[in-house]
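One structure is given below, encoded as structure tokens.
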Amino acid sequence: MKKIQSSCNYCAIDCNLDFYVEDNRIVKVVPTKGYPVNDGFSCIKGVSLDKQHSMYKPSPLPRVKKADGTLEYVSWQEGYKEVATRLMEIRTKYGEDSVAGLSTGQMTLEEFGIFGHMMRNHLKANVDGNTRLCMATSAVAHKQSFGFDAPGFTLNDLELSDTIIFIGANPVVAHPILWSRVKKNKNKKVIVIDPRRSETAKNADHWYSIRHKSDLALLYGVANELIRLDALDHDFIDKHTNHFEEFKQFVSQYPIEKVAPICGLKEEEIKELVDLIQKGERVSFWWTMGINQGYEAVRSAQAIINLALMTGNIGKPGTGANSITGQSNAMGSRVFSNTTGLFGGGDFNNPERRAQVAKALGVEESLIIDRPTIPYNQIIENINAGKIKALWVVCTNPRHSWVNNDTFREAMEKLELLIVQDIYGDTDTSKQCHIYLPAVAGTKKEGTVINMERRLSALRPSLKKEEEERTDYEIFYGVASALGLKDIEENWKTPKDAFNFMRACTKNMPDDITGIEYEDLENSHGIQWPFRKGEVLTDDQRRLYEDGNFFTADKRANFVFEEIRENPIQLTKEYPYVLNSGRGTVGQWHTQTRTREIPIVADAAPKMAYVLMHPSLAKEKGIAENDIVEISSSNGQSADFEVHFHDGVRENELFAPMHYIECNLLTPSVYDAYSKEPSYKVAAVNIKPKKQ
């Protein structure tokens, strides 16, 4: 029996697991002991990776939709040629902006590299990914505040903090490994700010049931009160930040008595929260989708960053303004996808960075794309407007996961070419495609993933591919060869080749990984960036900003703030209730295409879309537990849900797990002004009981 250490490629914790393999079959999966992230622990999803791609395994050959609508299986060489030919026909007929791609944080760093180089540099296509749906807000907030998308924490800070504040985050369900680190900390207070009494709120010392999307008002009010009490780290502010005096003046318009009614909290509750921050010696702030997925999300994330800066809770053990990431390689997507920035970071209009990246890739600078991608929402809008004719979707299911998802159904119907590359051929998206490219699961793939604390870890195959099976990397390489892209065909033959190209792109950047050899990650503890050539690794847990220096030109962090905008989604007489959304259970993952193969998860998860409703609202509407209701949204859509009572949701708010396609049928096409991340967390809805 052989033991192979690899990374779980579900969420951004990137646990390491030991796969015990015999006769090309995984006998058991054991969380890797001693690995700094999970140290012998895993959630149900990770230890069930042996079951992935077993019940719903498609043919290993590509399929192409014929003129009469039937599907024809073709060889891989024919499939590569079909993709290449049809992409170039559309590009020639309609222009380079007529081709686009959508990827996901489920891909490896190397796959991002080769896909981005082919699509963005060679074809000049627009490519965006699921990072736009979850982490774009944090990426923009970090860049504006710190000078680079560089979250500074290490997960060990959860065990060192004495005051842990979760804002719009539910790690008990969404990141159980992260929560296990909290439980190890015996000297802490846990504070949760969330409209719903979530599973994390139930386990907290203090829960503040904030009104939907009033985060910014609360955070500005807390900042103003801390300033009034002089609960500040003046030395840190003076030496390491910009614009504090302007920020101080700005937040003076948010006294507690003004903020409390906006947030739906009592003045005493806000004062208590301020007191907890003031008395904490090592305060850490943690946020995730409850902040990121909003109409003024970037400024909300920066309001959290501002609190950490003004109190000096950054760059020290147990502190930080820390964004909790969603998908396994979302960090890799943020710095290596070649979408909103160059490989390794930097702006497309920076001539020095362009020259450096071109040299690292061994190509002429003229080949490097000279503009950011258009964002996800604009890609969909341009399809529906007839401007984009071909779309390549990789490792994601936007027919289900896209905000106001019926707009993606419309887009699929208008495309002349929809290519879907996935491990499943029966997703809501792949069922409608013109060309389907079947890829193997992560247990048969090779590459690198980067977790939320900047840790690179190895994804290594525990199983050998069967005849005709292909990895995502091999598929990209095959299409690039069919397109006649000689530099890729000659120089990008393996994932290791791609890793070395990406590594070279990071030289002298904040995410510099020139000191990491591809083989260094195998059977290792992972390595956090930056790790420069010539450096010696002395610690598995490294945080940024310990010296007070940031990545801005003057090495100072910026206080960033702005007037609060009016919520574009207003409750009305016709739509008087709020629909919020989030993760349902530990076992469920996104659109459930992967976790449906885990029997214990499939058996425990409700089969029908459901909504959590406060008993008093149910009584008012004459609704009983388990009744079916029709929920209609101000976006013009409606869907049926089963009602589950929950006294932890606010009386005029509902909560629906995002794992059901009905949920995002109702969410609005509203986006943050800076990150263009969708505002998934607020929809204005009404409820109508269905006749039983």
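The values are calculated or read from the model by the stated rules, or taken from the named source; none is laboratory data. What you see is a predicted model; the values in this text were computed from it and never measured. A quick note on method: Cβ atoms are made from the backbone with ideal geometry, for glycine too, and the neighbour counts reach across all protein chains shown. In case anyone asks, the SASA skips ligands and DNA or RNA and just uses the protein heavy atoms, side chains included. Shrake-Rupley method; radii C 1.70, N 1.55, O 1.52, S 1.80 Å.
Against the test of being assigned to a helix (DSSP H, G or I), open to solvent by 20 Å² or more (accessible area, probe 1.4 Å) and among the acidic types (Asp, Glu), the options Glu281, Glu225, Glu269 yield a single qualifying residue, Glu269.
Out of curiosity, is Thr552 farther than 30 Å from Lys431 by Cβ, over 24 Å from the mean Cα position of the chain (by Cα) and open to solvent by less than 50 Å² (accessible area, probe 1.4 Å)? Yes: the conditions hold for Thr552. Is it the case, given these coordinates, that Phe343 is over 30 Å from Ser430 (Cα atoms) and among the aromatic types (Phe, Trp, Tyr)? Judged against the criteria, Phe343 is not a match.
Just one of (1) part of a loop (DSSP other than H, G, I, E, B); (2) buried (at least 20 other Cβ atoms within 10 Å of the Cβ); (3) not aromatic (Phe, Trp, Tyr) fails for Ser48. It is (1). Counting just the residues of the stretch 571-610 that are at pLDDT 95 or above and open to solvent by 50 Å² or more (accessible area, probe 1.4 Å), which one comes out farthest from Gly294 (Cα to Cα)? Among them, the one singled out is Met608. Out of Lys124, Lys143, Lys189, Lys184, one residue alone is modelled with pLDDT of 95 or more, open to solvent by 20 Å² or more (accessible area, probe 1.4 Å) and at positive phi. It is Lys124. Of all the listed residues (Phe336, Phe348), the sole one being among the aromatic types (Phe, Trp, Tyr), under 27 Å from Gln106 (Cα atoms) and surrounded by fewer than 24 Cβ atoms within 10 Å (Cβ to Cβ) is Phe348. In the stretch 537-549 there is at least one residue that is open to solvent by 70 Å² or more (accessible area, probe 1.4 Å), touching a Gly at 6+ places or on another chain (Cβ under 7 Å) and over 22 Å from Val357 (Cβ atoms).
Quick one: would you say Ala217 is out of contact with any Leu (no Cβ under 6 Å at 6 or more places or on another chain), among the small types (Gly, Ala, Ser), touching a residue at least 40 places away in the same chain (Cβ under 8 Å) and not in a loop (DSSP other than H, G, I, E, B)? Working first, answer last.
Numbers: out of contact with any Leu (no Cβ under 6 Å at 6 or more places or on another chain): yes; among the small types (Gly, Ala, Ser): yes; touching a residue at least 40 places away in the same chain (Cβ under 8 Å): yes; not in a loop (DSSP other than H, G, I, E, B): yes.
Yes; evaluated as a whole, the condition is true for this residue.
Output the number of residues of the stretch 611-641 satisfying the condition of being among the polar types (S, T, N, Q) and open to solvent by less than 20 Å² (accessible area, probe 1.4 Å).
Residues meeting the conditions: 1.
So, Pro151, is that one open to solvent by less than 10 Å² (accessible area, probe 1.4 Å) and assigned to a loop (DSSP other than H, G, I, E, B) or not?
On the way: open to solvent by less than 10 Å² (accessible area, probe 1.4 Å): yes; assigned to a loop (DSSP other than H, G, I, E, B): yes.
Answer is yes for this residue.
Any idea which of Asp539, Asp511 is assigned to a loop (DSSP other than H, G, I, E, B), at pLDDT 95 or above and of a type in the set (Asp, Glu)?
On the way: Asp539 fails: at pLDDT 95 or above.
None of the others qualify; the one that does is Asp511.
Residues in the stretch 200-215 that are touching a helix residue (DSSP H, G or I) at 6+ places or on another chain (Cβ under 6 Å) and closer than 15 Å to Ile569 by Cβ were compared, and the one that is surrounded by the fewest Cβ atoms within 10 Å (Cβ to Cβ) is Arg211. For the stretch 51-73, the tally of residues that are touching a strand residue (DSSP E or B) at 6+ places or on another chain (Cβ under 9 Å) and either open to solvent by less than 20 Å² (accessible area, probe 1.4 Å) or among the hydroxyl-bearing types (Ser, Thr, Tyr) (or both) stands at 4.
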